[in-house]
Amino acid sequence: VTATGKLLRKMIPYIDFNRELIRGEYMKGLSMIEQQGIPIDTVTLDRIKEAWPHLKEKLIEKANNIWPFYVDGVFKLKHFDDYLRKKKMNWQRTPSGRPTISSDYLRMMGPRYPNIEILREIRDTISQFKNLRLAIGPDKRNRFMQSPLRTITGRNAPSNAKNIFGASKWMRNLIQAPKGMALSYCDW
């Protein structure tokens, strides 16, 4: 504590207190959000988890109706490459010559190739659901560390696996206001 006091005295000339007070207000608001949590329909979530093997099969079936991308439930890069070649798609490749399959790249190519957007949504849903570990308390609210100011631009960087907003967009339907209440989602 003594060392921290000495450090503060040395830092005071370099601190922009007006800006720091705004950060303090932001932290106050953020802690209130974390304390309140996001109300989740856990009954429906449990039903989705229970049905997941069947849902995953249906998603894979939908992808394989475009082209046999999946074999025994596993996405095959070679089959994807065969599809690109067959459809004569101009596609970015990695230094090793493999087609780029990052979600961001697939999203960028989606408007040009609608089947690619369908495939991206399916791959993202399967991947995100596999890694989903929503932090839900006994009060059925999702609470997660926001990791404020963690990015270089000063934005929050919460774990995508632990928060409902990091999951696939369709899962946001699990956010349910308690009876007689309403919710508002604001990007602050």
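The values are calculated or read from the model by the stated rules, or taken from the named source; none is laboratory data. All values reported here derive from a predicted model rather than from experimental measurement. Note that each Cβ is placed from the backbone with ideal geometry, even for glycine, and that neighbours are counted across all protein chains shown. These accessible areas exclude ligands, DNA and RNA; they are computed on the full protein's heavy atoms, side chains included. Shrake-Rupley method; radii C 1.70, N 1.55, O 1.52, S 1.80 Å.
Counting charges near P99 (Lys, Arg +1; Asp, Glu -1) among other residues having Cβ under 11 Å from its Cβ returns a value of +2. Extending 7 Å from the Cα toward the beta-carbon at both M32 and L183 defines two label points whose distance is 1.9 nm.
Only Cα pairs under 8 Å and at least 6 apart count here; give the relative contact order of segment 19-142 as a rounded whole percent. Spell out each step's value before the answer.
On the way: 66 pairs, mean separation 34.5, N = 124.
Worked out over segment 19-142, it gives 28 percent.
How much mean residue ellipticity at 222 nm does the chain get from its helices, if each DSSP H run of length 4 or more adds -39500 (n - 2.57) and you divide by all residues, to the nearest 500 deg cm²/dmol?
Helix contribution divided over all residues of the chain: -15500 deg cm²/dmol.
Summing charges over neighbours of F144, with a neighbour being any other residue whose Cβ is under 14 Å away from its Cβ, gives +4 when K and R count +1 and D and E count -1.
In sequence order, segment 88-96 has phi-based couplings of 6, 8, 6, 9, 5, 10, 6, x, 7 Hz under the Karplus curve 6.51 cos²θ - 1.76 cosθ + 1.60, θ = phi - 60°, and Gly or Pro positions carry x.
Taking θ as phi - 60° and the Karplus parameters 6.51, -1.76 and 1.60, the scalar couplings of segment 164-174 work out to 4, 7, x, 7, 4, 4, 4, 6, 5, 5, 6 Hz in sequence order, x denoting glycine and proline. Largest accessible area first, the listed residues L8, L174, L134 line up as L8, L134, L174 when surface is computed with a 1.4 Å probe on the assembled protein chains. Sequentially through segment 10-16, phi angles give Karplus couplings (6.51, -1.76, 1.60; θ = phi - 60°) of 6, 7, 3, x, 9, 8, 8 Hz, Gly and Pro residues having no value and appearing as x. Between L7, N90, G154, the Cα set farthest toward the positive side of the dipole of the chain (charges on each charged residue's Cβ, about the Cα centre) is that of N90.
Here, the chain has an Rg and a Dmax of 22.4, 70 Å when only alpha carbons are counted. Taking each of K76/K162; K58/K162; K10/K162; K76/K140; K6/K28 in turn, the alpha-carbon distance tops 31 angstrom for K10/K162; K76/K140.
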